[in-house]
Amino acid sequence: MHKKLKRELTSIDIFSVATGALISSGLFILTGMARGMAGPAVILSYLLAGLLSATGMLSIAEITTAMPKAGGDYFFIMRSFGPGMGPIAGLLSWFALSMKTAFALIGMAAFTILMPGLRHVDIRIIAITLCLAFM
């Protein structure tokens, strides 16, 4: 007997897709590409990025324990700086997601150029093509 499939994503499905994209492209592919370009200095880059990220991470952890409300970043920014900062927070969140997407596309393009016939194609052209295909 066949089971009827539904077209829906649960929060676990969405979390799995987002986490998989982040880990595969951000951790494995781009680290290798950065190592190829920067050499051993990539370790210092990751340490510096970790220190800068830690300040924001600790601030968000502290404010989350002080104000445990739903609403994510916007709630904290609105309570801290007022509703006028909402559009700026939205734009910065959009920019962060855009950068994550760009990194994932470059990572996928790095694997795609390993296919026969695509070795001499510019990686940026492949990334743009993948972006258009996913849209």
Rg/Rg_ref, the chain, where Rg_ref = 2.2 N^0.38 Å and atoms are Cα: 1.36
Sequence-separation-based contact order of the chain, relative, with Cα cut under 8 Å and 6+ spacing, percent: 23 percent
Kyte-Doolittle mean at least 1.0 and Cα axial length at least 24 Å: DSSP H helices in the chain: 41-66, 86-112
Per residue, in Å², the accessible surface of the chain once ligands and nucleic acids are set aside, probe 1.4 Å: 81 Å²
Carbon plus sulfur fraction of accessible area for the chain, probe 1.4 Å, in percent: 74 percent
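The values are calculated or read from the model by the stated rules, or taken from the named source; none is laboratory data. Note that the structure is predicted; figures quoted are calculated from it, not measured. Surface areas here come from the heavy atoms of the whole protein model, side chains and all, with no ligands, DNA or RNA. Shrake-Rupley method; radii C 1.70, N 1.55, O 1.52, S 1.80 Å.
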